[in-house]
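Structure record follows, encoded as structure tokens.
The values are calculated or read from the model by the stated rules, or taken from the named source; none is laboratory data. What you see is a predicted model; the values in this text were computed from it and never measured. For neighbour counting, all protein chains shown are included, and Cβ atoms are generated from backbone atoms with ideal geometry for every residue, glycine included. Surface accessibility is based on the protein's heavy atoms, side chains included, excluding ligands, DNA and RNA. Shrake-Rupley method; radii C 1.70, N 1.55, O 1.52, S 1.80 Å.
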Amino acid sequence: MSIHPGTAAKRKAPGSNAPANPAKVRRRSPTRVNPALYLFPLPAVAVVAFFLVMPTLQAFQYAITDWNGFSAAFNYVGVDNFVRAFTKDSLFTNALTNNLKFVLLVVIAQTVFSLVLALLLTKNSRGSILLRALFFFPTILSSVSVAFIWKFIYDPNFGLANSVLRTVGVDGGAYLGNDAQALYWVAVTQVWFHSGQMMVVYIAGLQAIPRELYEAAEMDGANKWQQFKSITWPFVAPATSIVVAYTTVQSFKAFDLILGIAGNPPKAALDILSTRIYSTFANSEFGYAAAQSIIFMAMIALVTWLQRRLLRLTPKGD
Amino acid sequence: MLTSISRRAILAIYAVIIIVPLTVVAFGSFKSTQELFAGPFSLPQSLSPDNFAEVVGGQNLGSSFMNSAIVTGISVPLTLFLASLAGYGVSRLKGFMSWAIFGFLVLGMAIPAQANMVPLYVLFGRLGLLDNLTGLILANVVSTLPIAVFILGGFMRTLPKELYEASSIDGSGPWKTYSSIALPLSAPSIAAAAIFLFVIHWNELLYPLLFIQSPGNRTLPLALLSFQGEFQTNYPLLFAGVILASLPVVVAYVFLQRYFVAGITAGASKG
């Protein structure tokens with residue numbers, strides 16, 4: 001840090017009884033910090049440290065053991081749990097693949113769909129305010145409720161989807177019963193569940209765009225697509241990075257929805273990382289479950305980081 | 001970009017995709033299984049509350065409802081209280097310490113619940129917090145405190161400093177300034193955070209699943225999940241459960257719709 005001669009001079013300038021140390025000068029100013037203020041964040045800091053940060057650090061310790069959660073004795077096994085997850089445990093690699101596929105599907109579908117909805121409902125007319133409220137509604141339901149609703153829609157015999165298809169003379173599918181498709185149908189449910197929430201984030205972004213830009217563009221003869229490309233998109237890029245990041249974390253954590261729709265434990269076709277960790281934990285493999293949860297956390301961090309890098313390429317991004 | 005007709009068509013189709021399942025669930029909760037399968041769209045023959053009576057009485061959903069009400073009723077204000085204290089402290093502290101404390105608290109948002117559930121389960125076991133509502137409350141508070149601090153602290157930082165200074169010149173201590181200046185002025189962000197937390201805590205499933213063993217201590221989402229196993233295709237009963245579990249949030253949504261959007265997007269756009 002280079003010291004600007006002017007500032008240095010000014011700090012030393014005041015009368016003979018002023019202390020030379022600038023820090024002390026600051027503390028004597030009328031806006032000095034009352035030490036009692038440190039007490040305010042203290043309860044929150046203590047709670048977070050003891051029940052959030054400490055257990056997370058402990059997870060790293062458990063992850064290198066073969067502890068079963070009950071016996072006092074356990075061994076440190078180094079990276080064995082991590083090696084096992086990636087090389088010997090097809091249940092885990094299956095859940096990992098499913099999870100990445102699910103996140104990719106949901107992020108793409110939900111981002112595009114919620115942007116389309118937002119674009120269609122930007123105007124503050126009565127109708128669009130009503131529709132916004134309706135589309136947002138599923139977000140407030142519990143995942144288990146949403147799971148039950150969609151379990152009924154997908155029920156091959158009595159379900160809503162096939163009832164509708166039968167009336168037009170089409171044979172419906174098995175949906176969740178079909179292992180090759182099951183994950184896609186849950187992705188549809190997830191998009192139904194949360195698109196309204198992301199739509200609202202986009203609407204906030206869209207409403208910040210000055211109207212004059214469109215008027216000017218129209219006078220210049222720009223068509224709707226050109227207006228979208230050079231005005232709307234640059235402005236919604238920040239909203240997009242929020243939507244993508246939030247949707248990623250949300251779909252990584254689709255735990256509740258999967259358990260509700262597929263039962264506990266879910267079948268292999270619907271097993272994702274969070275449900276796999278829970279099964280491992282329920283199977284009393286505490287050390288191994290901790291290792292899986294660290295991989296889970298690293299996965300989320302990695303995907304989020306990758307997205308931030310990719311999204312930075314878009315104009316006005318980040 | 002889109003013609004008016006295709007715009008209307010998309011919106012109408014999606015409205016149908018939202019409304020129809022919800023209507024079928026509402027109607028279905030009054031039907032028998034046979035009646036539901038015969039015609040999912042038809043109006044129920046009678047508005048008999050049999051399904052509701054069965055899920056409330058027979059399936060213990062009544063006591064689960066109470067448990068959820070207790071857990072949510074304590075978790076939300078407690079989280080808000082701790083978060084507003086922290087937010088206030090951070091907004092008045094300066095320099096590195098303010099930044100460090102805020103950063104420490106908010107960093108917790110990056111920790112997914114599954115990442116620390118094993119050690120938390122062990123810790124709760126040692127503290128005697130398994131299979132009781134206190135443990136659930138604590139878990140709820142801890143897991144949402146970071147984002148609540150983020151929302152409230154972020155808001156309190158935007159309050160004009162002069163108000164605090166004026167208050168302390170008037171002789172108020174930090175506690176008085178917190179309770180009579182910072183809290184009332186932060187009402188909009190507290191309301192938004194309250195609704196956001198209400199939805200999360202009311203619908204929370206992982207912690208009850210981890211920590212609760214006895215049926216009498218189940219919260220609603222857990223009770224619902226467990227009778228999915230027992231009543232695989234008794235959809236009318238599941239629907240009655242869904243309606244009962246959703247009722248408080250839906251009623252609140254109908255009246256406070258605007259605030260819900262503000263609350264949940266405050267969470268979304270900053271989460």
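Conditions: (1) open to solvent by 20 Å² or more (accessible area, probe 1.4 Å); (2) within 10 Å of chain B (Cβ to nearest Cβ). A:I203 meets all but one. Number of the miss?
Unmet condition: (1).
Would you confirm whether or not the range A:45-53 contains a residue that is aromatic (F, W, Y) and part of a helix (DSSP H, G or I)?
Checked the range A:45-53: at least one residue is aromatic (F, W, Y) and part of a helix (DSSP H, G or I).
Using the structure shown, decide if B:I13 is more than 10 Å from chain A (Cβ to nearest Cβ), farther than 23 Å from B:P221 by Cβ and open to solvent by 40 Å² or more (accessible area, probe 1.4 Å). I'd like the intermediate steps shown before the answer.
Details: more than 10 Å from chain A (Cβ to nearest Cβ): yes; farther than 23 Å from B:P221 by Cβ: yes; open to solvent by 40 Å² or more (accessible area, probe 1.4 Å): yes.
Yes; evaluated as a whole, the condition is true for this residue.
Report, by residue number, each residue of the range A:260-283 that is in a helix (DSSP H, G or I) and in contact with a Phe, Trp or Tyr (Cβ under 8 Å, 6 or more places away or on another chain).
Narrowing the range A:260-283 to residues in a helix (DSSP H, G or I): A:260-262, A:268-270, A:273-282.
Matches in the range A:260-283: A:G260, A:I261, A:L273, A:S274, A:T275, A:R276, A:I277, A:Y278, A:T280, A:F281.
Which count do you get for residues in the range B:81-97 that are at the interface with chain A (Cβ under 8 Å from one of its Cβ atoms) and surrounded by fewer than 22 Cβ atoms within 10 Å (Cβ to Cβ)?
3
When the residues of the range B:201-216 are filtered to those that are crowded, with 21+ Cβ neighbours inside 10 Å, more than 10 Å from chain A (Cβ to nearest Cβ) and assigned to a helix (DSSP H, G or I), which remaining residue is nearest to the chain's Cα centre (by Cα)?
That would be B:H201.
Mind checking which residues of the range A:54-100 are in a strand (DSSP E or B) and either touching a residue at least 60 places away in the same chain (Cβ under 8 Å) or within 23 Å of A:T248 (Cα to Cα) (or both)?
A:T65 - this is the single residue of the range A:54-100 that is in a strand (DSSP E or B) and either touching a residue at least 60 places away in the same chain (Cβ under 8 Å) or within 23 Å of A:T248 (Cα to Cα) (or both).
For residues in the range B:10-40 being in a loop (DSSP other than H, G, I, E, B) and modelled with pLDDT of 85 or more, which is nearest to the chain's Cα centre (by Cα)?
Filtering the range B:10-40 for residues that are in a loop (DSSP other than H, G, I, E, B) and modelled with pLDDT of 85 or more, the one nearest to the chain's Cα centre (by Cα) comes out as B:S29.
From A:V33, A:V116, A:V112, grab the single residue that is farther than 30 Å from B:F124 by Cα, open to solvent by 80 Å² or more (accessible area, probe 1.4 Å), within 14 Å of another protein chain (Cβ to nearest Cβ) and of a type outside the set (G, A, S).
A:V112
Whether any residue in the range B:117-134 is among the small types (G, A, S), more than 9 Å from chain A (Cβ to nearest Cβ) and surrounded by 17 or more Cβ atoms within 10 Å (Cβ to Cβ) is what I want to check.
Checked the range B:117-134: no residue is among the small types (G, A, S), more than 9 Å from chain A (Cβ to nearest Cβ) and surrounded by 17 or more Cβ atoms within 10 Å (Cβ to Cβ).
Of the residues B:S179, B:S172, B:S214, B:S246, only one is at pLDDT 90 or above, over 29 Å from A:F148 (Cβ atoms) and of a type outside the set (D, E, K, R); which? Show your work before the answer.
Values: B:S172 fails: at pLDDT 90 or above; B:S214 fails: over 29 Å from A:F148 (Cβ atoms); B:S246 fails: over 29 Å from A:F148 (Cβ atoms).
After ruling out the rest, the residue left standing is B:S179.
Considering each of A:Q190, A:Q250 in turn, give the residue that is in contact (Cβ under 8 Å) with a residue 12 or more places away in the chain, in a helix (DSSP H, G or I) and more than 13 Å from chain B (Cβ to nearest Cβ).
Among A:Q190, A:Q250, only A:Q190 is in contact (Cβ under 8 Å) with a residue 12 or more places away in the chain, in a helix (DSSP H, G or I) and more than 13 Å from chain B (Cβ to nearest Cβ).
Give the number of residues within the range B:136-170 that are without any contact (Cβ under 8 Å) to a residue 60 or more places away in the chain and at the interface with chain A (Cβ under 9 Å from one of its Cβ atoms).
Total satisfying the criteria: 7.
From (1) closer than 16 Å to A:D89 by Cβ; (2) more than 9 Å from chain B (Cβ to nearest Cβ); (3) open to solvent by 20 Å² or more (accessible area, probe 1.4 Å); (4) not polar (S, T, N, Q), pick out the condition that doesn't hold for A:I295.
Condition not satisfied by A:I295: (3).
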